[in-house]
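Comments concern the structure below.
The values are calculated or read from the model by the stated rules, or taken from the named source; none is laboratory data. No experiment lies behind these values; they were computed from the predicted model shown. We place every Cβ from the backbone using ideal geometry, glycine too, and count neighbours over all the protein chains shown. What goes into the accessible areas is simple: the full protein's heavy atoms, side chains included, and nothing from ligands, DNA or RNA. Shrake-Rupley method; radii C 1.70, N 1.55, O 1.52, S 1.80 Å.
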Amino acid sequence: MVCITAAAALLTTFGTASAGADGSEWQKVGGDARSGVSGLAYEGRTADGDGVYALVVHDNKRSGERRLSRITHREGSDDVSPIVWDGPEPVDLEAIETIPGMPGEYLALASRGIVYRLKVTGSTAEVVDYTPLPGIGEGDDFESFALVAQDGELAALWADRGAGAARPATLNALRLSFAPWGAAAVRCRDAPVLRGGVPDR
């Protein structure tokens with residue numbers, strides 16, 4: 001519910017009008033394939049309160065290509081500025097989420113299931129730590145990631161896109177905590193897994 005509420009608030013801030021067939025109501029945030037956006041996290045409001053900041057990840061794969069940018073959104077305009085990635089470079093980032101209760105910290109997910117914990121300060125994102133998700137299988141291709149906070153605890157949700165009828169999409173939901181040295185630890189307890197929409201306990 002927290003995740004849904006945050007997403008709804010962000011959509012309201014950005015504007016909820018649907019884009020027309022000609023794309024006239026969309027704001028362009030890049031000019032080539034390497035600037036495409038694969039995930040977005042709300043960062044906060046601008047100092048004057050008239051705009052919002054959002055962090056976006058790019059699903060680039062080669063060394064030196066941009067992994068993270070900041071969008072400054074105001075009515076009718078969007079400014080995109082690069083964020084320096086300080087640490088091991090991910091391959092094919094697909095999602096980024098704000099860590100509830102930890103200002104300036106985020107988790108970003110790469111398609112092969114590696115989670116990067118980031119501390120964003122100004123125009124730099126420092127990789128605090130990174131770790132694989134539990135139970136990654138051959139051929140898994142993760143496309144989405146979300147964090148939910150409730151009663152002082154965190155849960156992580158992520159989804160594999162699947163590959164047709166032979167391998168349906170899988171949604172995972174597990175408890176999340178952080179080790180003292182910063183690594184994310186997903187605890188496999190009391191958490192259902194959904195495969196193709198059918199609960200598997």
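When segment 60-110 is limited to residues that are under 18 Å from TYR42 (Cα atoms) and acidic (Asp, Glu), the one that is nearest to the chain's Cα centre (by Cα) turns out to be GLU97. Scanning segment 136-164 for residues that are more than 12 Å from LEU176 (Cα to Cα) and not in a strand (DSSP E or B) yields ILE136, GLY137, GLU138, GLY139, ASP140, ASP141, ASP151, ARG161, GLY162, ALA163, GLY164.
Criterion first (over 24 Å from LEU157 (Cα atoms) and either assigned to a loop (DSSP other than H, G, I, E, B) or at pLDDT 95 or above (or both)) does VAL91 satisfy it? Considered against the rule, which asks whether it is over 24 Å from LEU157 (Cα atoms) and either assigned to a loop (DSSP other than H, G, I, E, B) or at pLDDT 95 or above (or both), VAL91 comes out as no. Looking only at segment 86-112, residues that are open to solvent by less than 40 Å² (accessible area, probe 1.4 Å) and either more than 24 Å from GLN150 (Cα to Cα) or without any contact (Cβ under 8 Å) to a residue 12 or more places away in the chain (or both) come to 7 in all.
Residues in segment 107-135 that are within 15 Å of GLU89 (Cβ to Cβ) and assigned to a loop (DSSP other than H, G, I, E, B): SER111, ARG112. Close Cβ contacts (under 8 Å, 6 or more residues apart or on different chains) running from residues in segment 150-163 that are of a type in the set (S, T, N, Q) to residues that are open to solvent by 90 Å² or more (accessible area, probe 1.4 Å) comprise GLN150/MET1. Here ASP78 meets the list (1) modelled with pLDDT under 90; (2) within 30 Å of GLY135 (Cβ to Cβ) almost entirely, failing just condition (2). Of all residues in segment 165-181, those that are assigned to a loop (DSSP other than H, G, I, E, B) and within 20 Å of the chain's Cα centre (by Cα) total 1.
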